[in-house]
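Novice: Quick one: the structure is below, and I'll ask about it shortly.
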Amino acid sequence: MDNQFKLKITVENLAPRNGTLFSPLWFGIHDGRFDTFDLNSPASIAIERLAEDGNAEDLMEDFNDTEGGFAQGLIGTTPDPFLDLFPGDIVSTIVSIDNSIPGSKYFSYASMILPSNDAFFGNENAIEHQIFDDAGNFVPTSFIISGTEILDAGTEVNDEDRFNAVGVGPVPLIDFQPNTGIDEKGVI
């Protein structure tokens with residue numbers, strides 16, 4: 001039995017024209033032990049950076065430091081983290097996975113919603129999206145994230161100020177300063 005699979009991950013922004021956009025989507029394939037975040041708890045630095053600035057670097061480092069991670073990446077229109085997924089955008093990537101490796105069983109994701117101070121979406125439950133069942137059979141899946149699933153990281157006051165909230169008002173890229181909003185010290 002061939003254990004090698006090509007997994008195609010497709011992301012589409014279904015927001016209406018002039019609607020919200022989101023940062024390149026971070027994804028991780030793992031054995032079920034990678035915990036992206038916990039509701040009703042303070043956000044990790046990784047989720048804070050992602051939710052406030054669309055920056056997935058800390059999340060990627062956390063994933064690399066966790067046992068049981070198999071593969072991760074960003075899905076976006078370009079590798080540039082400042083080029084987000086606008087309404088109507090459809091992007092895909094292909095990942096090679098092996099169903100005999102326990103670390104390739106589950107799929108997690110996270111992305112920032114724009115414009116916002118610290119809105120994001122992702123899956124809290126590490127085993128919510130199973131790629132292979134216990135017998136090693138591929139489990140195809142498709143899901144839609146609705147507006148009720150958008151979360152507030154609780155890390156920044158929602159003032160929607162153009163210098164604090166990414167995507168609000170005309171702020172030249174040269175003036176963009178990450179992590180500049182007023183600390184909220186809340187929970188997700």
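Novice: Taking θ as phi - 60°, what are the ³J(HN,Hα) couplings along region 16-30 by the Karplus curve (6.51, -1.76, 1.60), each to the nearest whole Hz, with x for Gly and Pro?
Specialist: Each residue of region 16-30 in turn: x, 3, 6, x, 6, 10, 9, 5, x, 7, 7, 9, x, 10, 8 Hz.
Novice: Taking only Cα atoms and a 10 Å spring cutoff, compute GNM fluctuations for the chain and point out the largest among 141, 20, 66.
Specialist: Evaluated over the chain, the most mobile residue of the options is 141.
Novice: Please list the non-local residues whose amide H lies under 5 Å from the amide H of residue 117, H modeled 1.01 Å from N, same-chain partners needing a gap of 5 or more.
Specialist: Correct list: 160.
Novice: Still on this structure, I have one more. Output ³J(HN,Hα) for region 58-69: one whole-Hz value per residue in order, computed from phi by the Karplus curve 6.51 cos²θ - 1.76 cosθ + 1.60 with θ = phi - 60°, and x for Gly and Pro.
Specialist: 5, 5, 5, 5, 4, 5, 4, 7, 9, 5, x, x
Novice: What is the chain's relative contact order, in percent, from Cα pairs under 8 angstrom and six or more apart in sequence?
Specialist: Once divided by the residue count of the chain, the mean separation gives 29 percent.
Novice: For every other residue with a beta carbon closer than 13 angstrom to the beta carbon of residue 90, add +1 if it is Lys or Arg and -1 if Asp or Glu, then tell me the sum.
Specialist: My count for the surroundings of residue 90 gives -1.
Novice: Once you place label points 7 Å from the Cα toward the Cβ at residue 183 and residue 14, how far apart are they in nm?
Specialist: Simple spin-label model gives 3.8 nm for this pair.
Novice: Sketch the reach of a paramagnetic label on residue 71 as a point 7 Å from Cα along Cα-to-Cβ, and name the residues of region 105-129 whose backbone nitrogen lies under 18 Å away.
Specialist: So the set is 105-110, 129.
Novice: Among residues other than residue 46 whose Cβ falls under 9 Å from its Cβ, what is the net charge (Lys/Arg +1, Asp/Glu -1)?
Specialist: -4
Novice: So how compact is region 9-69: Cα radius of gyration and Dmax in angstrom?
Specialist: Rg, Dmax (Cα atoms, Å): 13.4, 41.
Novice: Let me ask something else about it. Considering amide H positions built from the backbone, and no H for Pro or chain starts, which residues 5 or more places from residue 73, or on another chain, come under 5 Å of its amide H?
Specialist: Correct list: 27.
Novice: Under the √(5λ) rule applied to the eigenvalues of the Cα gyration tensor, what semi-axes describe the equivalent ellipsoid of the chain? Give them in Å, descending.
Specialist: So the equivalent ellipsoid measures 30, 18, 14 Å along its semi-axes.
Novice: Enumerate the amide H contacts of residue 21 below 5 Å, restricted to partners 5 or more residues apart or on another chain; note that Pro and chain-start residues carry no placed amide H.
Specialist: 114
Novice: What number results when the radius of gyration of region 81-140, computed over Cα atoms, is divided by 2.2 N^0.38 Å?
Specialist: 1.43
Novice: Give the aspartates and glutamates whose C-alpha is closer than 16 Å to that of residue 8, dropping any in the same chain fewer than 8 places away, or say none.
Specialist: 98
Novice: Between residue 138 and residue 6, 0.36 nm times their residue separation minus their Cα-Cα distance comes to what?
Specialist: That works out to 46.4 nm of additional length.
Coordinate-derived values only; no laboratory data. Keep in mind it's a predicted model, so treat the numbers as computed, not measured. Quick reminder, even Gly has a Cβ in these numbers, built from the backbone with ideal geometry, and neighbours come from all protein chains shown.
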